[in-house]
Each structure stands twice: as C-alpha cells, then as structure tokens.
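The block underneath contains the structure these notes are about, expressed in structure tokens.
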2 protein chains.
Amino acid sequence: MSSSEKAFNALGDPTRRIIFEKLRTSPLAVVHIAEGLSISRPAVSQHLKVLREAKLISIHQQGTKNIYQIDQQGILAMRSYLDSFWDTALAAFKSAAEKTEDHE
Amino acid sequence: MSSSEKAFNALGDPTRRIIFEKLRTSPLAVVHIAEGLSISRPAVSQHLKVLREAKLISIHQQGTKNIYQIDQQGILAMRSYLDSFWDTALAAFKSAAEKTEDHE
DNA sequence: ACTTACCGTAAGTACAAACTTACCATTAGT
DNA sequence: ACTAATGGTAAGTTTGTACTTACGGTAAGT
C-alpha cells in the first residue's frame with residue numbers, strides 16, 4: 001500500500017478529518033484531542049494510529065502525555081498524487097475539446 | 001457537507017481510486033471503466049455516482065454511452081484543503097521547535 | 001416494431017471498520 | 001509505596017457501505 005493510498009484512506013473518515021483539523025493550529029495531547037468529540041477516548045487512539053501510519057501526524061512523548069502534531073509527509077504524498085492528475089487530466093480534457101472545437 | 005469533504009470520502013475507497021485513475025489518461029464509457037474490474041457493472045455505476053457528486057468526475061452523453069472524465073473542481077477542492085494545512089501546520093511546527101531551539 | 005447495447009436505480013446481503021467496555025502499562029506527584 | 005493521570009491494546013458488537021441480483025429505461029440499428 002503506497003503512502004498516498006494510506007493517506008486517502010485515513011482522511012476518508014469524517015471523524016479522522018475532525019481530529020486532523022484539530023491539530024491544524026497547534027500540537028495537542030490525546031486528552032485534548034478527545035475533548036468535544038462524541039466518541040470514547042480509545043476510539044480516538046485508534047484513529048490516531050491510522051493517521052500516524054498514514055504519516056499525516058507524528059507523535060512525541062512529554063511525560064505521560066503523548067503529543068500529536070501534523071506531519072507534512074502525508075500531506076505531500078496526497079498533493080503529488082493529485083498533481084499527477086493535473087496535467088494529464090487537462091491534456092485529456094483538451095483533446096476531448098478539440099474534437100468538437102476546431103482551433104486554438 | 002462541503003465540497004472537499006465529499007471528495008475525501010469518495011477517494012477514501014480503493015476501488016473508486018482505481019476508477020478515478022482509469023480516467024486519468026482519457027475519458028471512458030462505463031463499459032470500458034468496468035473492464036478489468038472484479039466487481040459488477042452496477043457497482044461501478046454506484047461508484048461513479050459518488051465520484052460525480054464529489055465533482056471529481058463529470059459526465060456527458062454520447063448516444064447510448066455515458067462518457068465520464070476527470071473534473072478539476074474536486075481536485076481543486078482537495079488541494080486547497082490540504083494547502084490550508086500547509087502554512088498553519090508549518091507555523092505550529094516552528095513555534096514548537098522554537099521552544100527547544102533558540103534562534104534562527 | 002423488434003432487438004441489441006448501454007447504463008442507472010432498487011432492494012437486499014455481506015463484510016469491513018468504526019465503535020464500545022475492560023484491561024494493562026507508564027509516568028508524575030505525594 | 002500508593003494514587004492519579006494519561007493513553008495504548010484486546011475483544012466483541014454494531015453499523016455503515018460496498019457489493020449482488022433483478023429490473024427498467026433509453027438510444028441506435030435492422
């Protein structure tokens with residue numbers, strides 16, 4: 001399973017997107033990530049594991065707390081996947097358009 | 001449900017990513033999209049609906065054939081979502097780093 | 001008009017994965 | 001040493017969703 005595949009799978013879940021977005025402004029401990037969420041803390045832990053394996057977040061310990069923060073690797077993987085569609089899709093679109101249109 | 005949310009949900013499924021990638025090089029009719037896939041054609045139709053509602057693909061008819069092609073809207077939505085993480089996550093990372101490091 | 005090719009939708013099933021509770025491990029503080 | 005705080009994992013349940021088959025509907029060809 002490629003890097004971007006894991007990332008797309010991970011962000012395919014709404015709850016994981018919410019968790020991911022919580023880390024946008026600053027790193028957070030698990031307790032704080034779980035705050036306000038309607039699911040149990042173990043469920044949050046399981047989501048964090050998926051996000052971590054997709055390299056969308058990274059962890060570092062601080063005493064008894066596990067601090068999670070955004071990891072750029074996963075984001076980069078998704079970006080380049082999407083970019084790989086960009087030009088080729090545009091070319092495909094053009095060639096399709098040129099069948100009905102005529103010049104320029 | 002926002003535009004990017006639908007797109008992430010759509011590309012969260014491996015089969016839909018395969019279908020999406022099949023359209024990378026050129027637009028295709030449903031029959032050709034289903035070729036080589038191990039699922040039934042109606043299943044493909046259902047996936048196409050999800051991708052279409054996420055604005056990741058668009059459709060245009062050609063006789064009795066329904067031709068699908070990449071739609072840039074969905075890709076753009078995902079890109080800007082990811083980009084919105086870019087700077088802020090970087091800033092968060094920096095501020096975290098500055099606590100342990102000291103200058104520059 | 002009839003047949004063939006193409007494809008979407010409905011309804012029901014089966015399975016993956018998102019949950020829960022229960023438990024255990026580690027660290028910090030007293 | 002004991003307690004409290006933090007959080008990961010195991011096992012089992014439940015639910016969402018990716019499938020299937022069956023059907024209907026439209027367009028093109030004869």
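A short reminder: the numbers here are calculations on the coordinates, not readings from a lab. Note that this is a predicted model, so its numbers are computed, not measured. We place every Cβ from the backbone using ideal geometry, glycine too, and count neighbours over all the protein chains shown.
Karplus couplings for segment A:50-65 from phi (6.51 cos²θ - 1.76 cosθ + 1.60, θ = phi - 60°), rounded to Hz, Gly and Pro as x?
With coefficients 6.51, -1.76 and 1.60, one gets 4, 5, 5, 5, 8, 6, 8, 9, 10, 10, 8, 7, 8, x, 8, 8 Hz.
What is the Rg over Rh value, at two decimals, for segment B:3-86, using alpha-carbon atoms and the Kirkwood definition of Rh? Numbers along the way, then the final one.
Numbers: Rg = 12.9 Å, Rh = 13.0 Å.
So for segment B:3-86, dividing Rg by the Kirkwood Rh gives 0.99.
Considering amide H positions built from the backbone, and no H for Pro or chain starts, which residues 5 or more places from B:A29, or on another chain, come under 5 Å of its amide H?
B:Y68
For segment B:3-86, what's the relative contact order in percent, using C-alpha pairs closer than 8 Å and at least 6 residues apart?
On the way: 95 pairs, mean separation 31.1, N = 84.
After rounding, I find 37 percent.
Quick one: Karplus J couplings for segment B:72-79, per residue in order, coefficients 6.51, -1.76, 1.60, θ = phi - 60°, nearest Hz, x for Gly and Pro?
6, 4, x, 4, 4, 4, 5, 4
Using the 10 angstrom Cβ neighbour count as an exposure proxy, how do A:K49, B:K6 rank, fewest first?
A:K49, B:K6
Provide the per-residue ³J(HN,Hα) series for segment A:39-47, in order, calculated from phi with Karplus coefficients 6.51, -1.76, 1.60 and θ = phi - 60°, each as a whole number of Hz, with x at glycine and proline positions.
My calculation for segment A:39-47 gives 10, 6, 5, x, 4, 4, 4, 5, 5 Hz in order.
Considering the rotation that carries chain A onto chain B, locate the chain A residue whose Cβ comes closest to its axis and report the distance in whole Å.
Reported as residue, whole Å: A:G12, 1.
What are the residues whose amide H is under 5 Å from the amide H of B:D71, where those residues sit 5 or more places off or on another chain and H is modelled from the backbone?
Sorted by chain and number, the residues that satisfy this are B:I57, B:S58.
Give the nm distances, rounded to one decimal, from A:K49 to the matching residue in every other copy, measuring between label points 7 Å along Cα toward the beta carbon; shortest first.
List, nearest first: 3.4 nm.
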